[in-house]
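J.: Take a look at the following structure, please.
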Amino acid sequence: MDPNAAIDIKKSTSRLFVRAPGHGSSLRPIRVVITDLVRQIGFPEDEVAKIEMAVDEACANVVEHAYGATRNWSWEHPDPEIRLTIHTDNNRLVIQINDNGKRFDFAAYRPGNILERIRAMRSGGYGIAIMRQFMDEVEYTSDEMTGNTLRLVKHLKKT
């Protein structure tokens, strides 16, 4: 996808599909879509902000790490793109973020000491911790056919 292309949004009866270039210019429009959607679903504003931040961190990681500065990713695709599939299921919001970039060993990832990073005012390295803190479920898979998929789940609590 052209990095200057607008994001593509399609709706089915039960899902929202978003395709966007795998570039930093896509992050803001993705945040807008996510924020609008989770407000419509009925999440309170503090949860809206958390979901928005978790999805933004996930997509920023795709741009920075999966696609990176080189075009040396695992699958043969002409241009990097981010694909989101969003639906609700039994009072849960499920957001799947898919890319065809470099694989990541999610299970083996151990973040450094976050408090030390904050005290030292170091940037970066907070994304997965934010996702795990703000979402109820975070799962990553990588497959030759479908690419990398990060699944974020947030439960809608009844008030």
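The values are calculated or read from the model by the stated rules, or taken from the named source; none is laboratory data. Worth saying up front: this structure is predicted, and the values here are computed from it rather than measured. Neighbour counts are summed over all protein chains in view; Cβ atoms, including those assigned to glycine, are modelled from backbone coordinates with ideal geometry.
J.: In the range 15-29, how many are more than 15 Å from Glu52 (Cα to Cα), of a type in the set (Lys, Arg) and within 13 Å of the chain's Cα centre (by Cα)?
T.: Count: 1.
J.: Does Ile95 fit the bill of being surrounded by 13 or more Cβ atoms within 10 Å (Cβ to Cβ), of a type in the set (A, V, I, L, M, F, W, C), in a helix (DSSP H, G or I) and modelled with pLDDT of 85 or more? Before you say what the answer is, go through the steps one by one.
T.: On the way: surrounded by 13 or more Cβ atoms within 10 Å (Cβ to Cβ): yes; of a type in the set (A, V, I, L, M, F, W, C): yes; in a helix (DSSP H, G or I): no; modelled with pLDDT of 85 or more: yes.
It is false that Ile95 is surrounded by 13 or more Cβ atoms within 10 Å (Cβ to Cβ), of a type in the set (A, V, I, L, M, F, W, C), in a helix (DSSP H, G or I) and modelled with pLDDT of 85 or more.
J.: Let me ask something else. Any idea which of (1) closer than 28 Å to Lys157 by Cβ; (2) surrounded by 14 or more Cβ atoms within 10 Å (Cβ to Cβ); (3) at pLDDT below 95 is the one His87 doesn't satisfy?
T.: Among (1) closer than 28 Å to Lys157 by Cβ; (2) surrounded by 14 or more Cβ atoms within 10 Å (Cβ to Cβ); (3) at pLDDT below 95, His87 violates only (3).
J.: Please name all residue pairs, on different chains or six or more residues apart, with Cβ atoms under 7 Å, provided the first residue is in the range 50-62 and is closer than 11 Å to Ile30 by Cβ and the second residue is hydroxyl-bearing (Ser, Thr, Tyr) and assigned to a helix (DSSP H, G or I).
T.: Every condition considered, the pairs that remain are Glu52/Thr35.
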